[in-house]
């Protein structure tokens, strides 16, 4: 079961019939997200395997995972925002239990992202999983 914020987004997606509207919603999620500070956009936070520039900055507070992220592509910023609703606030062990492919599939993203965007999304999920696996 996904977090409440992700469930809210999934519910909103159900009411949007047109994929243009869904893309707009994803872009709006990214637009509403605070940009990552420039000093955190370093090679260690850069995600390889993405067509666009992507940075994920993980942190743990009181045993709970949070991350910030950014991209130079608006749709990717939106995907980062979606991933934040899926993972932020979980323990590292809970992060590893999330089936991101299935959860994002509920939104229809698996069928509507380009191959490059899908590869980039997979790379972001793998980065999130790997940094949390090191914390378990």
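For residue 93 and residue 34, the FRET efficiency from 1/(1 + (r/R0)^6), where r spans their Cβ atoms and R0 equals 25 Å, is about 0.40.
Prolate is the label for the range 75-136, because the ratio a/c of its alpha-carbon gyration tensor axes (a ≥ b ≥ c) is 1.5 or higher and a/b is greater than b/c. Peptides 47-57, 5-15, 73-83 ordered by packing proxy, namely the average of other Cβ atoms within 10 Å per residue, highest first: 73-83, 47-57, 5-15. A simple packing score, the average count of other Cβ atoms within 10 Å per residue, orders the peptides 58-68, 23-33, 123-133 as 123-133, 23-33, 58-68, with the highest score first.
Going by average Cβ neighbours within 10 Å, how do the peptides 96-104, 38-46 rank, with the highest at the top?
The packing order, highest mean first, is 96-104, 38-46.
Does anything in the range 106-136 have its amide N under 14 Å from the 7 Å Cα→Cβ label point of residue 19, and if so which residues? Flagged as within label range: 107-118.
Every read-out reported here was derived from the displayed coordinates using simple, explicitly stated rules and does not represent laboratory data. These figures come from a predicted structure and were not determined experimentally. Glycine gets a Cβ as well: all are built from the backbone with ideal geometry, and neighbour counts include every protein chain shown.
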